[in-house]
Protein chains: 2
Amino acid sequence: MPFSNLESRRFKSIAIADLAFPAREGGYSKGHETREQILSSALHLLVEEGYSALSMRKVAATCGLKIGNLTYHFATREELIRALLDALISAYEVEFDAILQFTDEAPEERLAEVCGLILEDIRTKKTTHVFPELWALSNHDPFVLERVQELYTRARRSLLEIIRELRPDLSPQCHEDLALFISASMEGLTVFAGYRKPFEGRMDQLERMAIQSFLRIVQIYQPASS
Amino acid sequence: MPFSNLESRRFKSIAIADLAFPAREGGYSKGHETREQILSSALHLLVEEGYSALSMRKVAATCGLKIGNLTYHFATREELIRALLDALISAYEVEFDAILQFTDEAPEERLAEVCGLILEDIRTKKTTHVFPELWALSNHDPFVLERVQELYTRARRSLLEIIRELRPDLSPQCHEDLALFISASMEGLTVFAGYRKPFEGRMDQLERMAIQSFLRIVQIYQPASS
DNA sequence: ACCAATTTAGGACACTTGACAAGGTTTGTC
DNA sequence: GACAAACCTTGTCAAGTGTCCTAAATTGGT
């Protein structure tokens, strides 16, 4: 029963910062403050009411600003939203890069750990609410598509390393495919067992099942013979 | 190599109707025609430009109607969208119910078949574009959440039957969890290997991998000992 | 052929949206 | 304390939104 020691995780949880702001250059500190306040309010609005609620006026109202002031900091809605997505996605990337540091345990343990962390994040309101919006947007906005896929590329990196270790006999392409499949499987659970979803309560069992399943497929997978 | 006979599928593809319209009752036939035309145009708009493009005026323009006429058939935008989602989701449900008829082969084969059909559907533009919108909407609209989850309940039915057959020793709850996990895994691939997604070209390998993985986890899964 | 039920046309209303411009206020620096 | 850059307020604009209303045209059954 190699999967039962979830409680012994070295990293009990990840606390992904809401947003990662780029280092400031120029301008007064007050300006940067309000800029961050704007993006925070925008994120809050996105999480609570969805993408369609992200109007300039609502954002301005949420953080107690006049519209004119908002357009001073972000001239267009487009600009604001791009800045928001950048800060949002960067925050996840920072965290995923940190996960890459886990190198001292057996690969089986690390797989369980990484998957556990991701599945834990999926249950948060922020992730459950934001990512479906991003997925939907990416269908019509190449910028979003590219940014989101770049995020997932980073998310797969830690999986890739583990898979390589477990199956050095497979081709890099196979490693990629396995990491992709595992990552996609977990993302899919968002819709069913994410925050306030019907099967939120079954996430513990699903996590056990998922990790068990992922470990198995990595161990036994054989690419098509042809 | 029990998974290699994808080409021997009995049902080479499913052609999910775009929309399933309820039987008409009362009214002239012309009225029903335009009603269906409206919903078809709305679906087209939803797929091509996303949910935010679903304005009354755009829908009216797309099917060459005046706004006044559109509001005659659907008094409010809300009403139109609900009718659209109903027709849309019904179309999938009709198809999923049809899959339940596959009962003459071995459960292993049927699992591969059902998963193959679902993964095939995921690659269509319609499904790739519509479902992320639905997932996003379901976060803020209980009506959509309920309708979507009802759809997935039906989608899992065929999986449930197969899993029951393969593992009669497990509890119904375990059967549910397995079906849920498998279904969620496949849905997750939408974002990565759906229509015009970066890994669309790897869907064949992913499908093999998925089916292989799903069969294994069903065969070996053991619930937590406690 | 008629007529009532149904469908279409066209426009009007009140409101929100993103964007802009011109002026006023704060902030840091010399 | 002057001065310029940064920041904020206020008001306005055209375009787009959902909803409603009235009158004309079409339809299907008699």
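Each helix, a run of at least 4 DSSP H residues, gives -39500 (n - 2.57); summed and divided by the residues of chain A, these come to -22500 deg cm²/dmol at 222 nm. Selection among B:Gln219, B:Ile118, B:His140 by position relative to the dipole of region B:5-220 gives B:His140 as farthest towards the positive end (Cβ unit charges, Cα centre). In this structure chain A gives 44 Å² per residue of accessible area when probed at 1.4 Å with all protein chains present. The charge dipole of chain A, taken about its Cα centre with unit charges on the Cβ atoms of Lys, Arg (+1), Asp and Glu (-1) only, comes to about 660 debye. With a/c under 1.5 counting as rounded, go ahead and sort the protein assembly as shown into rounded, prolate or oblate using the C-alpha gyration tensor (a ≥ b ≥ c being the square roots of the eigenvalues; past the cut-off, prolate if a/b is larger than b/c, else oblate). Because a/c hits 1.5 or more and a/b fails to exceed b/c, the protein assembly as shown counts as oblate. Sorted from nearest, the other copies put their B:Ser171 label points 4.4 nm away, the label point being 7 Å from Cα in the direction of Cβ. Between 0 and 90 degrees, the angle of helix B:125-138 with respect to the longest Cα principal axis of chain B falls at about 80 degrees. Between identical copies, the spacing of B:Asp97 label points, each set 7 Å from Cα toward the C-beta atom, reads 5.3 nm from nearest to farthest.
Could you tell me the total accessible area buried at the A-B interface, probe 1.4 Å, in square angstrom to the nearest hundred? Counting protein atoms only, the buried area is about 4600 Å².
For the protein assembly as shown, the dipole from Cβ point charges (+1 on Lys and Arg, -1 on Asp and Glu) about the Cα centre works out to 1060 debye, to the nearest 20.
What residues of region A:32-62 lie in the reach of a label at B:Lys58, counting those whose backbone N is under 18 Å from a point 7 Å from the Cα along Cα→Cβ? Once the point is set 7 Å along Cα→Cβ of B:Lys58, A:50-56 turn out to lie under 18 Å by backbone N, inside region A:32-62. Comparing the full protein assembly with the isolated chain, the residues of region A:159-197 losing at least 50 square angstrom of accessible surface (1.4 Å probe) are A:Asp177, A:Leu180, A:Phe181, A:Ala184, A:Val191, A:Phe192, A:Lys197. For chain B, the longest principal axis of the C-alpha atoms and the axis of helix B:77-99 are separated by about 30°. Inter-copy label distances at A:Glu48, using a point 7 Å along Cα-to-Cβ, come to 3.7 nm with the shortest given first. Each Lys or Arg adds one and each Asp or Glu takes one away; over the other residues whose Cβ falls under 14 Å from the Cβ of B:Glu49, this sums to +1.
By accessible area, using a 1.4 Å probe on protein heavy atoms only, region A:85-208 has 51% of its surface on carbon and sulfur. For the pair region A:168-196 / region B:94-119, the C-alpha centres are spaced 23 Å from each other. Based on every Cα atom in region B:78-226, Rg and the maximum pairwise Cα distance Dmax equal 15.9, 50 Å.
The values are calculated or read from the model by the stated rules, or taken from the named source; none is laboratory data. Here the structure is a predicted model, which is why all the values come from computation and not from measurement. Glycine also receives a Cβ, built like all others from the backbone with ideal geometry; neighbour counts cover every protein chain displayed. We work out accessible area using only protein heavy atoms, side chains counted, and drop any ligands, DNA or RNA first. Shrake-Rupley method; radii C 1.70, N 1.55, O 1.52, S 1.80 Å.
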